[in-house]
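Single-structure report; data block below.
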Amino acid sequence: MSVILTPAIKQHLPLLSDMQKRAFFPLYQAFKDKSNPYLKGEKQLFLWLNGKDMLTYTVFADGAIAGAVAFNRLKKGVYHLVRVFVAPEFQRRGIAFAAVSEALHELPELECVTVDFPVSLQANLNLYSKLGFSDTGRRVVINPALTLAVFIKYFH
């Protein structure tokens, strides 16, 4: 499967917003957190496109839009992986791995990247471990059902 990233553009937002909702709906049902991407829409994605410290990419798989990856530049060389999602019909094909791996090559002056995800999601743990991220040991409690694990990857 060919996975390609391009900088996200306004024309992609309606489809990306729909894909994001479908990708995150099961997690919203499980965790009921008010910050879940299921509750976010085109407006947030539009703000990311225009944010000076945001790098947002549309993910194409075999020529079709399959999802997105977004990073927030915290300071020179330091990024936070804010969001990665793949539409349900494209999941379990290695697209998220390929997309994040490719995106990490696009970040300027890269020193380190952090990411957080629900500690109970084995698929996320597998993905970020495979990409070389390490557990910081830090946990962020969002609500009684949701605790986030914080991982980091250094580039030297």
May I ask you to list the residues in the stretch 20-44 that are loosely packed, with under 13 Cβ neighbours inside 10 Å and touching a Gly at 6+ places or on another chain (Cβ under 8 Å)?
none
Taking the residues in the stretch 112-126 that are of a type outside the set (Phe, Trp, Tyr) and closer than 20 Å to VAL78 by Cα as candidates, determine which candidate is surrounded by the most Cβ atoms within 10 Å (Cβ to Cβ).
VAL113
Residues being without any contact (Cβ under 8 Å) to a residue 60 or more places away in the chain and over 22 Å from GLN91 (Cβ atoms): count how many of those fall in the stretch 114-149.
11
Of all residues in the stretch 127-146, how many are exposed (fewer than 14 other Cβ atoms within 10 Å of the Cβ) and either of a type in the set (Phe, Trp, Tyr) or farther than 23 Å from VAL86 by Cβ (or both)?
10
The residue that is nearest to ALA99 (Cα to Cα), considering only those in the stretch 1-13 that are open to solvent by 70 Å² or more (accessible area, probe 1.4 Å) and out of contact with any Gly (no Cβ under 8 Å at 6 or more places or on another chain), is ILE4
Across the stretch 61-74, which residue is surrounded by the most Cβ atoms within 10 Å (Cβ to Cβ) among those that are free of Cβ contacts under 8 Å to residues at least 60 places away in the same chain and farther than 12 Å from PHE85 by Cα?
PHE71
Could you grab me the full set of residues in the stretch 93-111 that are within 16 Å of TYR154 (Cα to Cα), open to solvent by less than 20 Å² (accessible area, probe 1.4 Å) and of a type outside the set (Val, Ile, Thr)?
ALA103, LEU104, LEU107
Of everything in the stretch 1-49 that's among the basic types (Lys, Arg) and in a loop (DSSP other than H, G, I, E, B), which residue is farthest from the chain's Cα centre (by Cα)?
LYS32
Name the pairs whose Cβ atoms lie under 7 Å apart, with the first residue in the stretch 92-111 and within 15 Å of VAL82 (Cβ to Cβ), the second at pLDDT below 95 and open to solvent by less than 10 Å² (accessible area, probe 1.4 Å), and 6 or more positions between them or separate chains?
none
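The values are calculated or read from the model by the stated rules, or taken from the named source; none is laboratory data. Please read these numbers as outputs of a predicted model, since none were measured by experiment. Note that we place each Cβ from the backbone using ideal geometry, even for glycine, and neighbour counts take in every protein chain shown. Side chains included, ligands, DNA and RNA excluded: accessible areas come from the protein's heavy atoms. Shrake-Rupley method; radii C 1.70, N 1.55, O 1.52, S 1.80 Å.
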